[in-house]
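Accompanying notes for the structure given below.
Quick note: the coordinates plus some simple rules give every number you see, no bench work behind them. Quantities reported herein were computed from a predicted structural model and do not represent experimental measurements. In this analysis, Cβ positions are derived from the backbone assuming ideal geometry, glycine residues included, and neighbour counts consider all displayed protein chains.
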Amino acid sequence: MLETVLLFSVLLFPLVIQEHERAIVFRLGRAIEGRAKGPGTRHSSLSSDLISCFSFTITVLTADAVPLKVDAVVFFWVVDPFMWVMRVVNGPQAMSLLAQTTLKTMIGAHTLEDVLTQKLALSHLSRTRWIDAGFGVQMERVELKALTLPVDLQRCMASEAVAIRRAGANVIAANGEVSVSHALVKAASTFEGNTVALQLRFLQSLLSMKSSARSVVVFPVLPHFIAAVQAVKML
């Protein structure tokens, strides 16, 4: 009688298992232990996919008390369909909760700077922590898609970056002024006592002023010329 009922249920309610699926067989409500059934027509209650993924968004407090919005995606595959069905009521929901809890714990132990600069390393670390979830699932890859800071903190960091760049520009300008002053001192020591070199430099300056198409030309008076004029006045 039982065999007739089972045969009738198989013929009336067939369930085709695809190549990428595995099925857990229940007989009178009791799961049959052993290897999960593969492709073909089977008498079964449900099937589970071997490869899946899910994404989630959480807000995490870093080690330096900065709220950080994290968008992550987790890829996993089922290595033991029997444990995946029998150990937890809702496998995908359990994986999502486990991933969120583990990610919060992991990011909460790092500062904001470490999270922003070592995102790839954190993704790899989170994968190693989730390799065996304990209910027939193994992690394939964990990706941190986006890290979003609060708007106020973004503005503060932008202002800090601008201030750092301005300070660096001021330092570069100051170093340039020091180099120019050293060059001027060296040039002055070269021109000292050499009137011919000073006159040549003066003529070169006039030539450069002419080539710049300026309408006003400043004509400096040489020191020895001033001394000669003063000597004439004293006569």
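A crude spin-label estimate for the pair ALA65 and LEU125, with each label 7 Å from Cα along the Cβ direction, gives 2.2 nm. Each Lys and Arg Cβ is given +1 and each Asp and Glu Cβ -1; about its Cα centre, the range 50-149 then shows a dipole of about 120 debye. For the range 50-149, the Cα gyration tensor yields ellipsoid semi-axes of 26, 12, 11 Å (square root of five times each eigenvalue, largest first, whole Å).
Since only LEU116, VAL89, PHE56 are under comparison, the one whose Cα sits farthest along the positive direction of the charge dipole of the range 50-149, derived from C-beta charges on Lys, Arg, Asp and Glu, is VAL89.
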